[in-house]
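Undergrad: Provided herewith is a single structure, encoded as structure tokens, for subsequent inquiry.
The values are calculated or read from the model by the stated rules, or taken from the named source; none is laboratory data. The structure presented is a predicted model; accordingly, all values stated were derived computationally and were not measured. Cβ placement follows ideal geometry from the backbone for every residue including glycine, while neighbour counts extend to all protein chains displayed. Side chains included, ligands, DNA and RNA excluded: accessible areas come from the protein's heavy atoms. Shrake-Rupley method; radii C 1.70, N 1.55, O 1.52, S 1.80 Å.
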Amino acid sequence: MPHVTYLWDDAHAASLSPADRLVYRSNILGADQRITNTGGGNTSAKLTETDPLTGQPVQVLWVKGSGGDLRTSTRANFSSLYQDRLLQLPQVYAGLGERGVKSPAEDHMVGLYPHCTFNLNPRATSIDTPLHAFVPAAHVDHMHPNAVISVAASRHSERLTREIYGDEVVWTPWQRPGFELGLTLQSVVAAHPSARGIVLGQHGLINWADDDKACYELTLSLITKAAEYIEARDKGADTFGGQKYPDIDAAQRDAVLVEILPWLRGLVSSQKRMVATLQHDETILRFVNSHHAPRLAELGTSCPDHFLRTKIKPLYVAWDPGTSDIEGLRRRLIDGLEQYRRDYAAYYEACRRPDSPAMRDPNPTVILIPGLGMITFGKDKSESRVTAEFYNCAVEVMRGAEAIDEYVALPQQEAFDIEYWLLEEAKLQRMPAEKAMARRVVVVVGAGSGIGKAVAHRVAADGAHVVCADLSAETATATAAELTTRHGQGIGVAGSGLSGCGPAVGSVVDVTDRASVRGLVRDALFAYGGIDHVVVTAGIFPTPDATGHVTDAMWRTTFDINVMGGYLIADECRAVWEAQQLPGSLVLTTSVNAVVAKKGSAAYDASKAAANHLVRTLAVELAPLVRVNGLAPATVVQGSTMFPKERVMASLAKYGIAFDPEASGDALRALLAGFYAQRTLTKQPITPEDQAEAAYFLISDRTGRITGQVLHVDGGLAEAFVR
């Protein structure tokens, strides 16, 4: 099936319980973005269950709950409700005053759904529950397919529905989701007993069957009919009026993005920091480069799921990429952002209700630029990726509608009443408070092992997006994968190249090579749009020979890594921080050896003393925008690449501690760590997690008035006390 992917497996379905068959059907529908968008649509099944109190069989509606996503849902994402109680709700509603679409009575009904819950299921019910309960078939699919929404969002949608489907599908005009829409569908089904589906004007598709496989196949069949109708009328090279602006090569596009991304992120973060996703595939470039893109972008989106993320419309910037005029692009972006904010405020004032929530952030979440593609923003990577996915869907909807008719968006008042719906606002207010590092991008250099790895885990646990950088591609990628597995990829299927990442991404860097450092910064920009905090833990301890000396070359290498490396990182990130104009912070890992003279470690100790002063110098140079502090560990043996077995044995020999040369590296490290612990005032081994906690503290807002300082985390070494 060229327009959808058929995934039903009879053998697998036969192995599942009725409720799990619903989950399976939902997952395979959600797996195809052409069928429904992330988080969009819902499915249901009316199943016979045993009442836990009476032991009698009862009919139960299993329906995707509020906030779920079909592609990733498990049974826990589905609500279960007594069907007979749901069918009694219209009688309750009839007894309320001032009924109707958007009435207080309609919203009141949402609070009654939990009273229909079967078996104490804690999953909150969806606003679309009545759509499923009041359609009498056993199985119902409500999808947001691009092809069908193209029909639903066309000016002559009703006529097109008849032309494509005949009597098989009925058309209804736009109506806000809720109890009244459920009653409307109940009436439509009763009036058209032979119909198998309904096109919901400017919204989507709902269809039904008494067998779950038949319902799945009907969904795919109805989508295919709309897609084939559109394909037969596709305008080819004239899509969106044809190409107006030239394509530019990837290298040129990337160079422009590196210049504008941090600056743009700063502008759209005027109220709260935002995280970016970039999309520049062939489909989105065809749209942004076209003649009709300005007109269509100004109309905004149609499907309610779309504009809850994309806002009422995107910001389209009419920049000619053929000119390579970056300053001209900046001017157009500034003017466009100022006008967008004015337009959004005017939209709010024109549509607000007496009880509407306060106006939200007036900055755009979708920015379209010819030649560059689409840049979306959200509170985190997941949200910005979903926003990109939704506008990708909107572009496909506009393409289809313009091929067969004329695209029309939802009226502004209707869009406003969804965006500022009190029920949506209540949902936002119930969300947990954002974590301390939410909306932040943290680059950890040396994240592949030891202290750096611990820092990456610590900041990610508090909501940060982490660029895990290391000289080793394998370990950098492994740490990023650990973070993604632990914290989740998030939702949304979008983002070109590196920008399709989750909460963490790996990057290779050689801190002694400016070009390599520049590549790290570029990776951070393409992944998340900017940089907020940097923690450098990369370092080297040159193991001396039997006489306690290191080579001249190793002296240079030690200073290159431990001193110049920190400088190059700071210098390359400086342009990003200055472009963003958002407060940032930098932590360089030095060592207590910087203030304690020792025999046999001159290169290391001298380099760390220099690094201490580099902290102070950079604090002065980067003030007031960026705070710079140092973290001075001591004897962190566990998990550190700076303590290979050879160095550990050399240290044990230096301190006269007996050891077995055949023992494992971990055993020898434990022996050395125990010795070091006894030298401290606290008598405790120092771990990478201890250092990570200190690094987190230094980059966090809790130390917003501290800069130019070096914090010793050494368990209490009296000889390292600063005098």
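Undergrad: Collect the residues in the stretch 575-605 that are surrounded by 18 or more Cβ atoms within 10 Å (Cβ to Cβ), modelled with pLDDT of 95 or more and assigned to a helix (DSSP H, G or I), keeping them in residue-number order.
TA: 576, 577, 579, 580
Undergrad: Report yes if residue 239 is out of contact with any Pro (no Cβ under 7 Å at 6 or more places or on another chain), open to solvent by less than 50 Å² (accessible area, probe 1.4 Å) and of a type in the set (S, T, N, Q), otherwise no. Walk me through it before giving the result.
TA: Working: out of contact with any Pro (no Cβ under 7 Å at 6 or more places or on another chain): yes; open to solvent by less than 50 Å² (accessible area, probe 1.4 Å): yes; of a type in the set (S, T, N, Q): yes.
In short, yes.
Yes or no, residue by residue, for (1) in contact with a helix residue (DSSP H, G or I) (Cβ under 6 Å, 6 or more places away or on another chain); (2) polar (S, T, N, Q); (3) outside any helix (DSSP H, G or I); (4) within 29 Å of residue 569 (Cβ to Cβ):
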{"site": "377", "(1), (2), (3), (4)": "yes, no, yes, yes"}
{"site": "388", "(1), (2), (3), (4)": "no, no, no, no"}
{"site": "392", "(1), (2), (3), (4)": "no, yes, no, no"}
{"site": "400", "(1), (2), (3), (4)": "yes, no, no, no"}
{"site": "416", "(1), (2), (3), (4)": "yes, no, no, no"}
{"site": "426", "(1), (2), (3), (4)": "no, no, no, no"}
{"site": "439", "(1), (2), (3), (4)": "no, no, yes, yes"}
{"site": "443", "(1), (2), (3), (4)": "yes, no, yes, yes"}
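Undergrad: May I ask you to list the residues in the stretch 199-243 that are touching a helix residue (DSSP H, G or I) at 6+ places or on another chain (Cβ under 7 Å) and of a type in the set (S, T, N, Q)?
TA: Those that are touching a helix residue (DSSP H, G or I) at 6+ places or on another chain (Cβ under 7 Å) and of a type in the set (S, T, N, Q): 202, 207, 219, 239.
Undergrad: I want to confirm something. Restricting to the stretch 653-673 and keeping residues that are open to solvent by 30 Å² or more (accessible area, probe 1.4 Å) and closer than 18 Å to residue 686 by Cα, which single residue is farthest from the chain's Cα centre (by Cα)? Let's see the steps before the verdict.
TA: Taking the stretch 653-673 as the starting set, the residues that turn out to be open to solvent by 30 Å² or more (accessible area, probe 1.4 Å) are 653-662, 664, 666-667, 669-671.
Filter again for closer than 18 Å to residue 686 by Cα, leaving 666-667, 669-671.
Values: 666: 38, 667: 41, 669: 40, 670: 40, 671: 44 Å.
Residue satisfying both the conditions and the ranking: 671.
Undergrad: Moving on to the next point. Report yes if some residue within the stretch 449-457 is in contact (Cβ under 8 Å) with a residue 12 or more places away in the chain, assigned to a helix (DSSP H, G or I), β-branched (Val, Ile, Thr) and touching a Lys or Arg at 6+ places or on another chain (Cβ under 6 Å); otherwise report no.
TA: Step one: filter the stretch 449-457 for residues in contact (Cβ under 8 Å) with a residue 12 or more places away in the chain, giving 449-457.
Narrowing further to those that are assigned to a helix (DSSP H, G or I): 450-457.
Those left that are additionally β-branched (Val, Ile, Thr): 451, 455.
Now restrict to residues that are touching a Lys or Arg at 6+ places or on another chain (Cβ under 6 Å): none.
Checked the stretch 449-457: no residue is in contact (Cβ under 8 Å) with a residue 12 or more places away in the chain, assigned to a helix (DSSP H, G or I), β-branched (Val, Ile, Thr) and touching a Lys or Arg at 6+ places or on another chain (Cβ under 6 Å).
Undergrad: So is residue 407 open to solvent by less than 20 Å² (accessible area, probe 1.4 Å), at pLDDT 95 or above and out of contact with any Asp or Glu (no Cβ under 8 Å at 6 or more places or on another chain) or not?
TA: When the stated conditions are applied, residue 407 passes them.
Undergrad: While we're looking at this one, here's another question. Is one or more of the residues making up the stretch 549-571 within 22 Å of residue 455 (Cβ to Cβ), assigned to a loop (DSSP other than H, G, I, E, B) and under 29 Å from the mean Cα position of the chain (by Cα)?
TA: No, that holds for no residue.
Undergrad: If you scan the stretch 104-117, which residues turn out to be of a type outside the set (D, E, K, R), open to solvent by 10 Å² or more (accessible area, probe 1.4 Å) and touching a residue at least 24 places away in the same chain (Cβ under 8 Å)?
TA: Result: 110, 115, 117.
Undergrad: Which number in (1) open to solvent by 30 Å² or more (accessible area, probe 1.4 Å); (2) closer than 26 Å to residue 694 by Cα; (3) part of a loop (DSSP other than H, G, I, E, B) marks the one condition that residue 530 misses?
TA: Condition (1) is where residue 530 drops out.
Undergrad: Follow-up question, since we're still on this one. Anything in the stretch 24-59 that is over 22 Å from residue 74 (Cβ atoms) and in contact with a Phe, Trp or Tyr (Cβ under 7 Å, 6 or more places away or on another chain)? List them, or say none.
TA: Scanning the stretch 24-59 gives a single hit, 58.
Undergrad: Can I ask one more? Specify the residue that is farthest from residue 104 (Cα to Cα); the eligible residues are those in the stretch 344-359 that are in contact (Cβ under 8 Å) with a residue 12 or more places away in the chain and either touching a strand residue (DSSP E or B) at 6+ places or on another chain (Cβ under 9 Å) or of a type outside the set (A, V, I, L, M, F, W, C) (or both).
TA: The qualifying residue farthest from residue 104 (Cα to Cα) is 344.
Undergrad: Next up: Would you tally the residues in the stretch 674-687 being among the basic types (Lys, Arg) and either surrounded by fewer than 16 Cβ atoms within 10 Å (Cβ to Cβ) or assigned to a helix (DSSP H, G or I) (or both)?
TA: If we filter the stretch 674-687 for residues that are among the basic types (Lys, Arg), which is where we start, we get 679, 683.
Now drop any that are not either surrounded by fewer than 16 Cβ atoms within 10 Å (Cβ to Cβ) or assigned to a helix (DSSP H, G or I) (or both), which leaves 683.
Total meeting the criteria: 1.
This table checks each residue for (1) in contact with a Gly (Cβ under 7 Å, 6 or more places away or on another chain); (2) more than 25 Å from residue 24 (Cα to Cα).
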site: 184; (1), (2): no, yes
site: 198; (1), (2): no, no
site: 205; (1), (2): yes, no
site: 219; (1), (2): no, no
site: 223; (1), (2): no, no
site: 229; (1), (2): no, yes
site: 234; (1), (2): no, yes
site: 250; (1), (2): no, yes
site: 271; (1), (2): no, yes
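Undergrad: Okay, next question. Free of Cβ contacts under 8 Å to residues at least 12 places away in the same chain, of a type outside the set (Asp, Glu) and open to solvent by 20 Å² or more (accessible area, probe 1.4 Å), is that true of residue 33?
TA: no
Undergrad: Filtering the stretch 231-257 down to residues that are over 32 Å from the mean Cα position of the chain (by Cα) and of a type in the set (A, V, I, L, M), which residue is modelled with the lowest pLDDT?
TA: Only one residue fits best here, namely 237.
Undergrad: Then there's this: Look through the stretch 169-187, keep the residues that are open to solvent by 30 Å² or more (accessible area, probe 1.4 Å) and touching a strand residue (DSSP E or B) at 6+ places or on another chain (Cβ under 8 Å), and return whichever of them is farthest from residue 90 (Cα to Cα).
TA: Among them, the one singled out is 171.
Undergrad: With the structure loaded, tell me whether residue 299 is open to solvent by 20 Å² or more (accessible area, probe 1.4 Å), of a type in the set (A, V, I, L, M, F, W, C) and under 24 Å from residue 422 (Cβ atoms) or whether it fails that test.
TA: Judged against the criteria, residue 299 is not a match.
Undergrad: Hey, another quick one. Given the conditions (1) open to solvent by 30 Å² or more (accessible area, probe 1.4 Å); (2) out of contact with any Leu (no Cβ under 9 Å at 6 or more places or on another chain); (3) at pLDDT 95 or above, which single one is not true for residue 51?
TA: Status for residue 51: all satisfied but (1).
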